[in-house]
Amino acid sequence: MEYWSSVDIYTEWDIVAARQLGRNEAKKSGFGTVDQARITTAISELARNIYLYAGKGKIEIKRLSEDGLNGITIIASDEGPGIPDMRNVMTDGFSTSGGLGAGMPGVKRLMDEFKVETELGVGTIITATKWLR
Ligand SMILES: Nc1ncnc2c1ncn2[C@@H]1O[C@H](COP(=O)(O)OP(=O)(O)O)[C@@H](O)[C@H]1O
Ligand SMILES: [Mg+2]
């Protein structure tokens with residue numbers, strides 16, 4: 001079973017809406033308040049990156065249920081400039097804007113699975129999953 005929902009990211013208000021959606025979906029999946037906070041922080045970081053670096057894009061939230069295992073997947077996608085140096089980006093301390101969530105390495109730590117697909121001049125798709133245990 002999968003359940004999808006999404007928020008288009010154009011303005012800073014859309015970042016707030018994406019966080020809210022993520023919190024609600026995490027709650028429905030059965031995540032506790034601490035994990036809900038982890039998931040919303042990850043969504044904030046990814047949505048803010050879309051807003052800042054790509055201008056627009058979308059956050060999709062997928063609720064998963066596989067063989068009795070529940071989880072949530074965040075898909076952040078844009079058709080922006082792409083990320084030139086992924087290896088540096090995943091190094092702690094590379095993050096420039098000093099946000100609370102510690103940038104992309106922070107997102108990777110907050111979630112269980114983390115994948116970046118990016119191509120210069122084409123865009124970026126980041127997929128991050130957290131499982132309920
Ligand atoms: N969606 C994106 N499109 C293009 N570049 C991006 C995107 N997300 C991140 N980046 C690049 O990766 C860098 C690191 O992102 P991040 O770890 O969130 O740190 P910060 O946003 O604080 O700089 C950004 O400074 C930006 O250059
Ligand atoms: Mg960032």
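Checked against the criterion of being closer than 20 Å to L120 by Cα, surrounded by fewer than 18 Cβ atoms within 10 Å (Cβ to Cβ), of a type in the set (A, V, I, L, M) and touching a residue at least 12 places away in the same chain (Cβ under 8 Å), the candidates L64, L69, L52 yield just one match: L52. Within segment 50-109, track down each residue that is polar (S, T, N, Q) and within 16 Å of ligand 2 (Cβ to nearest atom). Result: S77, N88, T91, S95, T96, S97. Restricting attention to segment 1-22, does a residue exist that is at positive phi, of a type in the set (D, E, K, R) and modelled with pLDDT under 95? No, because not a single residue in segment 1-22 is at positive phi, of a type in the set (D, E, K, R) and modelled with pLDDT under 95. Every listed requirement among (1) under 27 Å from K27 (Cα atoms); (2) within 8 Å of ligand 1 (Cβ to nearest atom) is met by I72 save one, (2).
Test D35 against the stated conditions and say whether it is under 18 Å from M111 (Cβ atoms), touching a Gly at 6+ places or on another chain (Cβ under 9 Å) and either more than 15 Å from ligand 1 (Cβ to nearest atom) or not in a helix (DSSP H, G or I) (or both). Steps first, answer last, please.
Working: under 18 Å from M111 (Cβ atoms): yes; touching a Gly at 6+ places or on another chain (Cβ under 9 Å): no; either more than 15 Å from ligand 1 (Cβ to nearest atom) or not in a helix (DSSP H, G or I) (or both): yes.
Answer is no for this residue.
In segment 58-133, counting only strands (runs of 3 or more DSSP E) that sit wholly within it, the ones holding 2 or more residues that are over 15 Å from the mean Cα position of the chain (by Cα) span 69-78.
The values are calculated or read from the model by the stated rules, or taken from the named source; none is laboratory data. As the structure is a prediction and not an experimental result, all values here were calculated from the model. Virtual Cβ from ideal backbone geometry, glycine too; neighbours counted across all protein chains shown.
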